[in-house]
Amino acid sequence: HPLPEGANAAEQDWPCSEADAHDMLQEFIENNVARYSQERDRPDKDTTSRLSPYLRAGLISARQVWHAVEDAVQKHGHIAENAWTFLSELGWRDFAYTQLFYHPTLATENLRPEFNDMPWQNTQKLLHAWQQGQTGYPLVDAGMRQLYQTGWMHNRVRMVVASFLTKHLLTDWRKGEVWFHNRLVDADPAQNAMNWQWCAGTGIDASPWFRIFNPVGQSEKFDPTGAYIRTWVPELRNLPDKLIHTPWKADPALCRQIGLHLGKTYPHPIVDLKEARAVALAHYKNLPARQKED
Ligand SMILES: Cc1cc2nc3c(=O)[nH]c(=O)nc-3n(C[C@H](O)[C@H](O)[C@H](O)COP(=O)(O)OP(=O)(O)OC[C@H]3O[C@@H](n4cnc5c(N)ncnc54)[C@H](O)[C@@H]3O)c2cc1C
């Protein structure tokens, strides 16, 4: 499908042939599979296989990936545990296709019908800020800008921005699903829809609605030195590591010194996390279908 908007880098990032897909797999097996479990959640390290666009385009199959990794385990037993974690991700991929097969409306209808009464607020201004990477929460903005500029976003950050959109911004997950679908180089009707429903809590075996990621905590944990944020949100580049996740806490004198003007060069946070979380939980608790259950 056509390159996502703004994705000028995509052609260089994703050399497009079957041989390239197999080279990428071999490179991953040689260099990164042995540390997959420890590093798979680290957008700053970026050591996952990056095979999803190739799997999506049919340039490599899940079985080829499976057998190549299994062969590597035969030769290098010590990688077995990490390799197994990696292979289990391929299981999620198949689970998504199974869901789409049984629920052809996966991308458009809540699998859990109680969410049909969810009073999404769908505030246009908030959705726009999220799309443009201008929410004032650095990890969210880094991910959304990476997506916009390259057609790619690390899985951990996909989860964080999806939770933020649906829960803190109370925006219908379908708006996020469409935005991702039109921009991701690995855009896939089953993978994208299942994962959005998982993050929103509306799907099968989904993360529960009350599991609301804190974008600051996630940022401190998974991008500890802010290397990922610095790449995609250059206006925060000169903040010390301690403040890169919470620029609004920076001293005004420091901001002046590094040319950071909150509200001008970088936005103030668009919502208060604590308040937004409480509103999201209250709306969920008050869903009529849930009250009947209780
Ligand atoms: C909101 C959201 C939307 C997503 N949309 C898509 C999409 O449109 N297309 C897509 O391929 N993936 C999607 N994913 C899943 C996941 O983010 C990507 O598959 C992964 O980031 C690809 O990077 P990788 O190949 O380096 O993964 P690795 O970590 O190397 O994993 C290997 C393979 O396992 C599969 N896999 C890994 N994580 C998942 C997952 N959560 N669900 C299903 N399969 C997985 C992929 O095929 C991936 O290539 C989405 C995730 C979220 C949270």
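The values are calculated or read from the model by the stated rules, or taken from the named source; none is laboratory data. Remember, it's a predicted structure, so these values are computed and weren't measured experimentally. When we count neighbours, we look across all protein chains shown, and the Cβ atoms used for this are built from the backbone with ideal geometry, even at glycine. Only protein heavy atoms, including side chains, enter the accessible area calculation; ligands, DNA and RNA are left aside. Shrake-Rupley method; radii C 1.70, N 1.55, O 1.52, S 1.80 Å.
Residues in region 9-32 that are among the small types (Gly, Ala, Ser) and under 20 Å from Leu147 (Cβ atoms): Ala9, Ala10. The numbered conditions (1) out of contact with any Phe, Trp or Tyr (no Cβ under 6 Å at 6 or more places or on another chain); (2) on the phi < 0 side of the Ramachandran plot are all true for Asn82 except (1).
In region 141-154, is there at least one residue being closer than 30 Å to Pro288 by Cβ and open to solvent by 10 Å² or more (accessible area, probe 1.4 Å)? No: zero hits.
Residue-level check: of (1) farther than 21 Å from Ala187 by Cα; (2) modelled with pLDDT under 95, Asp13 misses just (1).
Glu220 meets the conditions (1) open to solvent by 30 Å² or more (accessible area, probe 1.4 Å); (2) acidic (Asp, Glu); (3) not in a helix (DSSP H, G or I) in every case but one. The failed one is (3). Filtered by the rule that a residue be open to solvent by less than 90 Å² (accessible area, probe 1.4 Å) and over 27 Å from Lys221 (Cβ atoms), region 245-266 gives Pro252, Ala253, Gly259, His261, Gly263. Within region 103-128, the set of residues being surrounded by 21 or more Cβ atoms within 10 Å (Cβ to Cβ) and part of a helix (DSSP H, G or I) comprises just one member, Phe115.
For Arg174, the conditions (1) at pLDDT 95 or above; (2) open to solvent by 10 Å² or more (accessible area, probe 1.4 Å); (3) near the ligand (Cβ under 10 Å from one of its atoms) are fulfilled apart from (3).
Condition test on Asn238, is it more than 16 Å from the ligand (Cβ to nearest atom) and modelled with pLDDT of 95 or more? Taking the combined requirement at face value, the residue satisfies it. So, of the residues in region 46-74 that are more than 12 Å from the ligand (Cβ to nearest atom) and more than 17 Å from His22 (Cβ to Cβ), which turns out to be nearest to the chain's Cα centre (by Cα)? Checked region 46-74; the qualifying residue nearest to the chain's Cα centre (by Cα) is Val73.
Given the condition within 14 Å of the ligand (Cβ to nearest atom) and farther than 19 Å from Pro269 by Cα, answer yes or no: does some residue in region 211-227 qualify? Checked against the condition, which is being within 14 Å of the ligand (Cβ to nearest atom) and farther than 19 Å from Pro269 by Cα, region 211-227 yields at least one hit. For Trp179, the criteria (1) buried (at least 22 other Cβ atoms within 10 Å of the Cβ); (2) closer than 24 Å to Asp46 by Cα hold in every case but one, which is (1).
Before we move on, is Arg237 basic (Lys, Arg), free of Cβ contacts under 8 Å to residues at least 40 places away in the same chain and surrounded by fewer than 17 Cβ atoms within 10 Å (Cβ to Cβ)?
Values: basic (Lys, Arg): yes; free of Cβ contacts under 8 Å to residues at least 40 places away in the same chain: yes; surrounded by fewer than 17 Cβ atoms within 10 Å (Cβ to Cβ): yes.
Here the answer is yes, as Arg237 does meet what is asked.
Screening Leu111 with (1) more than 12 Å from the ligand (Cβ to nearest atom); (2) at pLDDT 95 or above; (3) within 16 Å of Asn31 (Cα to Cα) gives one miss only, at (3).
So that you can scan it fast, the table gives a plain yes or no per residue for (1) acidic (Asp, Glu); (2) under 22 Å from Trp130 (Cα atoms); (3) touching a residue at least 60 places away in the same chain (Cβ under 8 Å):
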site	(1), (2), (3)
Arg230	no, yes, no
Lys242	no, no, no
His245	no, yes, yes
Ala253	no, no, no
Leu260	no, yes, no
Lys264	no, yes, no
Val279	no, yes, yes
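Residues in region 7-49 that are under 14 Å from Arg156 (Cβ atoms), open to solvent by less than 50 Å² (accessible area, probe 1.4 Å) and touching a Phe, Trp or Tyr at 6+ places or on another chain (Cβ under 8 Å): Tyr36, Asp41, Pro43, Asp44, Thr47, Thr48. Residues that are within 17 Å of Gln218 (Cα to Cα), among the aromatic types (Phe, Trp, Tyr) and more than 9 Å from the ligand (Cβ to nearest atom) do not occur anywhere in region 141-161.
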